Amino acid sequence: MKRVLFITTSHDDLGESGLKTGVWLEEVATPYYRLKEESIQVEIASIKGGNIPIDPMSESKDWMTEDTIRFKGDKTAMFLMNTSLRLDKVDPSEYDLVYFPGGHGPMWDFVNNPLLNSTLQHFIKEEKVIAAMCHGVSVLVDAFDADGNVFVRGRKITSFADSEEISVGAEKLVPFLLESKLTELGGIYSKGNDFSSYTIVDKNLITGQNPTSALSVAFQMIDLLTD
């Protein structure tokens, strides 16, 4: 059986704004169910382990989907979210794919994180599938390939767009603008319309622009895992 590791943020505040953030629930729920439907085992880890903070906006009426409603009522799924594996207790060699969902939280604890970077390096060196969504793509900002080169340089990639960050009023709250940073690092960045589904696959790397890309990213994960 194929095994997939979700790694989420443990960060729950949006800088000094006083606003709460965390993981965006749709970006966990939709891939979780699509993978399980294919009999692919899913395990969930977070930076600190234990209870994973969920972005309150992703639980609001305007953003809830069938999958997130189902997930919130799913005792098994919520148990995984409330008792997530601590990253330093995870053996990456046990997994075929690693997936990094977004929410604004990753902009703080996915970057300049040696342990997370070391975990990611296993998947890079072993050429396993790496998937990242929205702000979860920030995990790639300080990643290097097996030859020591900037990982995103020359790679086709997407993430939450600068225009989307401005649209939600968070451009001055986040530590940096992700699209701009990926472009600065030499990534071949592209995007779709704001808040519409857009997914890029470059060899073993899958990236999605925003939460509406969750279904597309899930299908791409399944395709690469079962190829």
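What follows draws every value from the coordinates through simple rules; no lab data is involved. Since this is a predicted model, take the numbers as computed values, not measurements. We place every Cβ from the backbone using ideal geometry, glycine too, and count neighbours over all the protein chains shown.
Restricting attention to region 175-195, does a residue exist that is in contact with a Leu (Cβ under 8 Å, 6 or more places away or on another chain) and among the β-branched types (Val, Ile, Thr)? No, region 175-195 contains no residue that is in contact with a Leu (Cβ under 8 Å, 6 or more places away or on another chain) and among the β-branched types (Val, Ile, Thr). The condition of being more than 27 Å from Asp13 (Cβ to Cβ) and not in a helix (DSSP H, G or I) holds for only one of Gly169, Gly186, that being Gly186.
Taken over region 106-134, residues that are closer than 22 Å to Pro31 by Cα and out of contact with any helix residue (DSSP H, G or I) (no Cβ under 9 Å at 6 or more places or on another chain) amount to 2.
Selection of first residues in region 75-102 that are in contact (Cβ under 8 Å) with a residue 40 or more places away in the chain and of second residues that are part of a helix (DSSP H, G or I) and among the hydroxyl-bearing types (Ser, Thr, Tyr), restricted to Cβ pairs under 6 Å at least 6 apart or on distinct chains, gives the following pairs, ordered by first then second residue: Pro92/Thr119. For Glu59, state whether it is under 20 Å from Pro211 (Cα atoms) and either among the hydrophobic types (A, V, I, L, M, F, W, C) or touching a strand residue (DSSP E or B) at 6+ places or on another chain (Cβ under 6 Å) (or both). Judged against the criteria, Glu59 is not a match. In this structure, Ile47 does satisfy being within 16 Å of Thr119 (Cα to Cα) and in contact (Cβ under 8 Å) with a residue 24 or more places away in the chain.
Looking at Glu184, Glu127, just one residue is of a type outside the set (A, V, I, L, M, F, W, C), farther than 25 Å from Ile54 by Cα and in contact (Cβ under 8 Å) with a residue 60 or more places away in the chain, and that residue is Glu127.
Is there a residue in region 77-88 that is among the basic types (Lys, Arg), farther than 26 Å from Leu225 by Cβ and surrounded by fewer than 22 Cβ atoms within 10 Å (Cβ to Cβ)? Among the residues of region 77-88, not one is among the basic types (Lys, Arg), farther than 26 Å from Leu225 by Cβ and surrounded by fewer than 22 Cβ atoms within 10 Å (Cβ to Cβ), which makes the answer no. Taken together, the residues in region 124-155 that are among the basic types (Lys, Arg) and touching a Gly at 6+ places or on another chain (Cβ under 8 Å) amount to 2.
The helices (runs of 4 or more DSSP H) located wholly in region 37-137 that include 3 or more residues which are within 27 Å of Leu14 (Cα to Cα) and hydrophobic (A, V, I, L, M, F, W, C) occupy 75-82, 114-125.
This table checks each residue for (1) over 22 Å from Thr68 (Cβ atoms); (2) of a type outside the set (A, V, I, L, M); (3) touching a residue at least 24 places away in the same chain (Cβ under 8 Å); (4) surrounded by 14 or more Cβ atoms within 10 Å (Cβ to Cβ).
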site	(1), (2), (3), (4)
Leu120	yes, no, no, yes
Ala143	yes, no, yes, yes
Ile200	yes, no, yes, yes
Thr207	no, yes, yes, yes
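Within region 4-54, restricting attention to residues that are within 16 Å of Ile130 (Cα to Cα) and among the aromatic types (Phe, Trp, Tyr), the residue that is surrounded by the most Cβ atoms within 10 Å (Cβ to Cβ) is Phe6. Scanning region 213-227 for residues that are out of contact with any strand residue (DSSP E or B) (no Cβ under 8 Å at 6 or more places or on another chain) and either without any contact (Cβ under 8 Å) to a residue 24 or more places away in the chain or outside any helix (DSSP H, G or I) (or both), we see that the one that is nearest to Arg34 (Cα to Cα) is Asp223.
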